[in-house]
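Worksheet for the structure shown next.
Every number here is computed from the coordinates shown, using simple stated rules; none is lab data. Note that the coordinates shown come from a computational prediction; the quantities given were computed from them, not determined experimentally. Cβ: placed from backbone, ideal geometry, glycine included. Neighbour counts: every protein chain shown.
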Amino acid sequence: VVFFGDDLIKNCPMEDWPEVDVLIAFYSSGYPLAKAEEYIKLRRPFVLNDLKMQWTLMDRRKVYDLLESSGIDVPRHVYT
């Protein structure tokens, strides 16, 4: 198990990140999601979670659209 600390993730170029076979990454405030996606393109690890979907989760409108397109009821909302 390799832990990518905050200093490494935020301050080092992703080319310097350790190479791993499997990656799991979660977005949090200040997390460089685009940088993590570039790392995946470069190193091609097996990714346990869909980082592209993280962008969807950050936009409530996209989440509503996804839920509705999957036939899942959502609360009434102003967004249409």
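Sequence-distant contacts, meaning Cα pairs under 8 Å at least 6 residues apart, place the relative contact order of the chain at 24 percent. Going through (i) 121; (ii) 168; (iii) 129, the figure that equals volume of the Cα convex hull per residue in Å³ as computed for the structure here is (i). Against the main long axis of the alpha-carbon atoms of the chain, helix 60-69 sits at an angle near 70°.
What order do you get for 35-47, 65-77 when each peptide is scored by the mean count of other beta carbon atoms within 10 Å, highest first?
Order by mean packing, descending: 35-47, 65-77.
For the pair Y64 and I40, a Förster radius of 25 Å applied to the C-beta separation gives a FRET efficiency near 0.40, rounded to the nearest 0.05.
Estimate the FRET efficiency between K10 and K52 by the formula 1/(1 + (r/R0)^6), using the beta-carbon distance for r and 25 Å for R0, to the nearest 0.05.
Numbers: r = 21 Å, r/R0 = 0.84.
In this case the efficiency is close to 0.75.
Compute the acute angle (0 to 90°) between the alpha-carbon long axis of helix 33-43 and the principal axis of greatest extent of the alpha-carbon atoms of the chain; round to the nearest 10°. On a 0 to 90 degree scale, this one is about 50. Put a dot 7 Å past the Cα of L33, heading toward its Cβ, do the same for F3, and the two dots end up 2.5 nm apart.
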